[in-house]
Amino acid sequence: VNECTRIYHGTMISKWFALILSAVLMLLCVFDIDAADVAIYAGCGIANRLLYPFFHANILHCVFNVYCLLSLVFLSHNTLKQFIVAYIIAVLFPIDSYLQFSDSMELYTVGLSGVLFVMLGRFGMFVPRFWFYQLCAWLYLIVGLFIPQMNGILHLHCYIAGIIWGILTKPF
């Protein structure tokens, strides 16, 4: 009973956190903030690395990320601790080393999708239909590499980091 209570409280905390974070993300879309002040780009400062997941290019971008966040938390029972680890992995993205591979890296990058792709990569290691999940995820990642204004390299990097995290935490 004690372990069940601990798990229940942990998932309730993560669900409330996701709801509050979603409201904050939507509220931040209302403010007219210059992308250069909060985005990651080659040579950006540490503050930009820490802030870029919380700002979005437009309201539609924010809505898609919020929907994915809430789906991950409510349907797959990701915890607050897992979200924090995903956030740390996403903000440590080595942006300067990827400049040679993508023209889109010259643009500013904002949004929660890096964090979400880390969580999706980890989650993919625990799904019952593993190969179907991976096929869908990789198809989306490959298509995303060719969509202008989308940082497909960041998504790919974060997804692979999430898979590695999932492999390291998956019980044998």
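The values are calculated or read from the model by the stated rules, or taken from the named source; none is laboratory data. Because the structure is predicted, anything quoted here is derived from the model rather than measured. No Cβ is skipped: glycine too gets one built from the backbone with ideal geometry, and neighbour counts run over all protein chains shown. Note: accessible area is taken over every heavy atom of the protein model, side chains too, but ligands, DNA and RNA are not part of it. Shrake-Rupley method; radii C 1.70, N 1.55, O 1.52, S 1.80 Å.
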Matching residues, the range 39-61, being at pLDDT 90 or above and buried (at least 20 other Cβ atoms within 10 Å of the Cβ): TYR52, PRO53, PHE55, HIS56
Residue list for the range 3-33, filter: over 15 Å from GLN82 (Cβ atoms), at pLDDT 80 or above and of a type in the set (D, E, K, R): ASP32
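Within the range 81-101, track down each residue that is crowded, with 17+ Cβ neighbours inside 10 Å and either modelled with pLDDT under 90 or hydrophobic (A, V, I, L, M, F, W, C) (or both).
PHE83, VAL85, ALA86, ILE89, ALA90, VAL91, PHE93, ILE95, TYR98
Tally up the residues in the range 142-170 that are part of a helix (DSSP H, G or I) and either of a type in the set (A, V, I, L, M) or open to solvent by 90 Å² or more (accessible area, probe 1.4 Å) (or both), please.
Residues meeting the conditions: 11.
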Unmet criterion (only one of (1) open to solvent by less than 20 Å² (accessible area, probe 1.4 Å); (2) of a type outside the set (S, T, N, Q); (3) closer than 28 Å to ALA36 by Cβ; (4) in a helix (DSSP H, G or I)) for GLY121: (3)
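Consider VAL118 carefully, then state whether it is within 12 Å of the chain's Cα centre (by Cα) and at pLDDT 95 or above. Steps first, answer last, please.
Details: within 12 Å of the chain's Cα centre (by Cα): yes; at pLDDT 95 or above: yes.
Yes; evaluated as a whole, the condition is true for this residue.
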Failed condition for LEU139, given (1) open to solvent by 60 Å² or more (accessible area, probe 1.4 Å); (2) under 15 Å from ILE163 (Cα atoms): (2)
Whichever residue in the range 44-62 is without any contact (Cβ under 8 Å) to a residue 12 or more places away in the chain and out of contact with any strand residue (DSSP E or B) (no Cβ under 7 Å at 6 or more places or on another chain) and, among such residues, is farthest from PHE17 (Cα to Cα): GLY45
Every pair of residues 6+ apart whose Cβ atoms lie under 9 Å, when the first sits in the range 158-172 and is closer than 9 Å to VAL118 by Cβ while the second is assigned to a loop (DSSP other than H, G, I, E, B) and open to solvent by 70 Å² or more (accessible area, probe 1.4 Å): ALA161/LEU92
Residues being outside any helix (DSSP H, G or I) and either without any contact (Cβ under 8 Å) to a residue 60 or more places away in the chain or within 14 Å of LYS15 (Cα to Cα) (or both) - total across the range 81-93: 1
Conditions (1) closer than 16 Å to PHE117 by Cβ; (2) crowded, with 20+ Cβ neighbours inside 10 Å; number of the one not met by PHE64: (2)
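Name the residues in the range 21-43 that are of a type outside the set (Ser, Thr, Tyr) and either in contact (Cβ under 8 Å) with a residue 60 or more places away in the chain or at positive phi (or both), would you?
Looking only at the range 21-43, we keep the residues that are of a type outside the set (Ser, Thr, Tyr), and these are 21, 23-40, 42-43.
The answer is LEU25, ALA35, ALA36, VAL38, ALA39, ILE40, ALA42, GLY43.
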Residues within the range 67-80 that are in contact with a helix residue (DSSP H, G or I) (Cβ under 8 Å, 6 or more places away or on another chain), surrounded by fewer than 20 Cβ atoms within 10 Å (Cβ to Cβ) and free of Cβ contacts under 8 Å to residues at least 60 places away in the same chain, tallied: 4
